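What follows is a short report on a single structure.
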Amino acid sequence: MKKVAVVFNGGTISMKVDPRIKAAVPSLTGEEIMTMVTGIEEYAQVESYSFSNLPSPQMSPETMLELSKYIQNLLNREDISGVVVTHGTDTLEETAFLLDLTIKSEKPVVVTGAMRNGSELGYDGPSNLAASICTVISNESKNRGVLVCLNDELNCASEVTKSNSMSLDTFKSPNFGPIGIVDSNEVIFYRDSIKKQHIETDKIETNVDLIKCAAGMDSKIINYCIEQGSKGFVIEALGRGNVPPLMVEGIHKAINQGIPVVLVSRCFQGRVLDSYGYHGGGKELRNLGVIFGDNLPGQKARIKLMLALGKTTNINEIKDIFESGFYHKF
Ligand code: ASP
């Protein structure tokens with residue numbers, strides 16, 4: 001029987017409602033949660049580990065990188081077939097993507113959580129854990145990068161985002177759809193993962209700012225961040241990758257100071273390109289030297305830029321990390 005390490009790392013899956021404040025707080029230990037995953041001993045030998053009990057808004061990029069090293073150590077053990085890690089759903093996609101970019105192993109790593117806490121009717125923690133463990137023990141799950149498993153659906157960490165603040169069916173891959181499903185404890189993959197990237201670094205540069213564009217914005221926030229010593233920017237641009245004209249000056253200033261600026265779109269689907277030639281359009285930004293972030297949402301592009309800057313401060317290398325394999329004509 002395969003041995004699966006389950007790393008407990010907080011989130012709603014380990015919360016219950018505190019009757020005094022009438023709100024969910026961390027309460028359940030890994031062992032307590034595992035006792036609710038009834039019958040799992042017929043599928044796998046589970047070893048529980050406790051990494052943290054954090055609500056995911058309290059996860060920092062440094063902690064994410066520590067978690068990556070912790071999981072890598074478990075994967076390096078011969079007796080462990082793969083790892084399931086719990087996480088609050090709010091920033092789950094950021095951690096899952098960081099794990100995907102930094103962990104080197106063909107063994108499955110599955111990130112899971114819950115949308116309903118242990119005090120709610122229909123607590124989804126145990127069923128999500130069961131499906132995640134079934135995913136790890138499947139031979140089909142090897143070499144697929146980090147997967148996210150909730151609501152019996154499997155999504156690639158590189159593609160997934162939280163799409164709904166309440167629904168159990170919240171994790172979606174807007175550009176590609178799920179990679180597979182878990183049906184009656186069996187894993188079925190519909191396709192291969194699109195692209196698997198690895199960033200070799202044991203450092204992370206956390207001083208990276210994410211700025212979302214909206215009509216009529218100017219360079220005030222960018223200029224402030226430059227003054228504060230920002231080491232990189234992700235701009236969640238409009239549509240195909242355009243910004244309000246008054247933001248161009250700030251972007252220009254950052255690039256002139258050697259600060260990488262990664263452009264992504266605030267749209268839920270699609271990627272950026274230099275399609276528009278007007279003032280503030282993608283062509284002008286590209287000519288200034290922005291790096292294209294493909295179809296990543298801002299929060300995931302920011303994680304990638306933090307890791308890229310942990311590895312190198314060379315703009316061309318950073319550009320390569322974001323664009324090679326994604327933008328053939330550049
Ligand atoms: N706010 C919670 C968290 O991210 C949500 C969840 O876990 O579903 O920790």
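The values are calculated or read from the model by the stated rules, or taken from the named source; none is laboratory data. Here the structure is a predicted model, which is why all the values come from computation and not from measurement. Reconstructed Cβ throughout: ideal geometry from the backbone, glycine too, with neighbour counts over all protein chains shown. Note: areas computed on protein heavy atoms with side chains; ligands, DNA, RNA excluded. Shrake-Rupley method; radii C 1.70, N 1.55, O 1.52, S 1.80 Å.
Worth a mention:
- Taking segment 168-191 as the range and being touching a residue at least 12 places away in the same chain (Cβ under 8 Å), part of a loop (DSSP other than H, G, I, E, B), more than 18 Å from Arg271 (Cα to Cα) and not hydrophobic (A, V, I, L, M, F, W, C) as the test, the residues that pass are Asp169, Thr170, Pro178, Asn185, Tyr190, Arg191.
- Cβ pairs under 9 Å, 6+ apart, first in segment 38-57 and on the phi > 0 side of the Ramachandran plot, second small (Gly, Ala, Ser) and away from the ligand (no atom under 16 Å from the Cβ): Gly39/Ala130
- Set Ile204, Ile235, Ile221: member being among the aliphatic types (A, V, I, L, M), closer than 19 Å to Gly293 by Cβ and either part of a loop (DSSP other than H, G, I, E, B) or touching an Asp or Glu at 6+ places or on another chain (Cβ under 6 Å) (or both): Ile204
- Hits in segment 76-88 - residues which are within 16 Å of the ligand (Cβ to nearest atom) and either open to solvent by 10 Å² or more (accessible area, probe 1.4 Å) or touching a helix residue (DSSP H, G or I) at 6+ places or on another chain (Cβ under 6 Å) (or both): Val84, Thr86, His87, Gly88
- Of residues in segment 193-220 being in contact with a Phe, Trp or Tyr (Cβ under 9 Å, 6 or more places away or on another chain) and at pLDDT 95 or above, the one farthest from Val146 (Cα to Cα): Ile211
- Single residue of Ser127, Ser141, Ser132 found to be more than 26 Å from Glu62 (Cβ to Cβ) and within 16 Å of the ligand (Cβ to nearest atom): Ser127
- Among the residues of segment 41-75, those that are among the acidic types (Asp, Glu) and either within 18 Å of Cys134 (Cα to Cα) or buried (at least 18 other Cβ atoms within 10 Å of the Cβ) (or both) comprise Glu41, Glu42, Glu47.
- Pair list, Cβ under 7 Å, 6 or more apart: segment 1-19 residue within 24 Å of Met64 (Cα to Cα) and touching a residue at least 60 places away in the same chain (Cβ under 8 Å), other residue polar (S, T, N, Q) and part of a helix (DSSP H, G or I): Phe8/Ser14; Gly10/Ser56; Gly11/Ser56
- Filter pass, Ser132 being of a type in the set (Gly, Ala, Ser) and either without any contact (Cβ under 8 Å) to a residue 24 or more places away in the chain or out of contact with any strand residue (DSSP E or B) (no Cβ under 6 Å at 6 or more places or on another chain) (or both): no
- Counting only strands (runs of 3 or more DSSP E) wholly contained in segment 14-75, the ones carrying 3 or more residues that are out of contact with any helix residue (DSSP H, G or I) (no Cβ under 8 Å at 6 or more places or on another chain) occupy 15-18.
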